[in-house]
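Below is one structure, written out as structure tokens; the observations come after it.
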Amino acid sequence: MPGTKKVLITGGAGLIGSILIDKLGDKYDFSSLDLRAVDGVPSTVANLDDLDSITPAFDGIDTVVHLAADRSPAGSWDSILKNNIIATYNVFEASKRAGVNRVIFASSNHAEGGFYLDPPWKHVNDGNFHLLQQDRYELVSEKHMIRPDSYYGVAKAYGEALGSYYNDFLGLSSFHLRIGWVIEDDDPTFSAYALSLWLSHRDTAQIVDLCISAPESHRYDIFNATSDNMWKIFDIEHAKQALGYQPQDRAGADFTPRDYKRST
């Protein structure tokens, strides 16, 4: 439709990309850049570590949602370097060259995962809710120091820094979502860790939608991105105030420990 924003999703074939296309496909003109095509969406099949091969996908694009990465917090240095660091540079550089207005970068709670080592956040992570008073302990905000818990977390912090550089000196706006955990079956009740980090499918779509539609005068920002869960580690007030984020979902305190295989 005329006037509809053209939005390129890197990793459009993945879980979050699929959620966005499903829930926001009537609002935006989506295309995908991934290692496999997405049915019903214009797709470029290419590897993000090759700048020349991905560059055509950015032509005429207004906003890029950069999701593609090695998603494993246990990813090796070689994989993280190729798929998360070099790839992220290529996405920002291709966006700049093509005149893209904004990149929305999928950062992660793992950029601050070192806080899980310390109380009170360790108690939340471990499910020892009885050691805390609800809503009466400090939450980790975007103003806390970076404390990556892995090479994966380091790469996410790097993406935030790269976005700041491209905004200040190269004219490319970017928002960075420190995503908690988007779960394939949308059910976080398998662990306390999942309960605290859960970002539901519909809250995922909402916060990305708000980032896409935010005014151009809002040039750069970082947002913690979880649902409004009962036992939190991360403060989501900044997203509420700056974006108008109104989470629709809230995880409680009940969980049944069981194995969960992270989807790829």
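Every number in this text was worked out from the coordinates using simple rules, so none of it is lab data. Owing to the predicted nature of the structure, the values given are computational and were not obtained by experimental measurement. Don't worry about glycine lacking a Cβ; one is built from the backbone with ideal geometry, like all the others, and counts go over all protein chains shown.
Which one is surrounded by the fewest Cβ atoms within 10 Å (Cβ to Cβ), of the residues in the range 25-34 that are of a type in the set (G, A, S) and within 15 Å of V91 (Cα to Cα)?
Per the stated criteria, the residue is S31.
Give me a count of the residues in the range 169-180 that are surrounded by fewer than 22 Cβ atoms within 10 Å (Cβ to Cβ) and either touching a residue at least 40 places away in the same chain (Cβ under 8 Å) or under 16 Å from V64 (Cα atoms) (or both).
Of the residues in that region, 3 qualify.
For D168, state whether it is under 18 Å from V91 (Cα atoms) and charged (D, E, K, R).
In short, yes.
Condition (residue is within 20 Å of the chain's Cα centre (by Cα), of a type in the set (S, T, Y), buried (at least 22 other Cβ atoms within 10 Å of the Cβ) and closer than 27 Å to P148 by Cα) applied to the range 10-24: is it met by at least one residue?
Looking for residues that are within 20 Å of the chain's Cα centre (by Cα), of a type in the set (S, T, Y), buried (at least 22 other Cβ atoms within 10 Å of the Cβ) and closer than 27 Å to P148 by Cα, one finds at least one in the range 10-24, hence yes.
Among residues belonging to the range 200-245 that are free of Cβ contacts under 8 Å to residues at least 12 places away in the same chain and not in a helix (DSSP H, G or I), point out the one that is farthest from A106 (Cα to Cα).
The qualifying residue farthest from A106 (Cα to Cα) is S217.
Working carefully through the options A74, A37, A69, A87, find the one that is within 20 Å of the chain's Cα centre (by Cα), surrounded by fewer than 16 Cβ atoms within 10 Å (Cβ to Cβ) and either among the hydrophobic types (A, V, I, L, M, F, W, C) or at positive phi (or both).
When all the criteria are applied, what remains is A74.
Only residues that are assigned to a strand (DSSP E or B) and in contact with a Gly (Cβ under 7 Å, 6 or more places away or on another chain): list them for the range 72-125, please.
Hits for the range 72-125 are V103, F105, S107, S108.
Here is a yes/no grid of residues against (1) in a helix (DSSP H, G or I); (2) in contact with a strand residue (DSSP E or B) (Cβ under 6 Å, 6 or more places away or on another chain); (3) touching a residue at least 24 places away in the same chain (Cβ under 8 Å):
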| site | (1), (2), (3) |
| --- | --- |
| L8 | no, yes, yes |
| G12 | no, yes, yes |
| S18 | yes, no, no |
| S32 | no, yes, yes |
| D49 | no, no, yes |
| D52 | yes, no, no |
| P56 | yes, no, no |
| A68 | no, yes, yes |
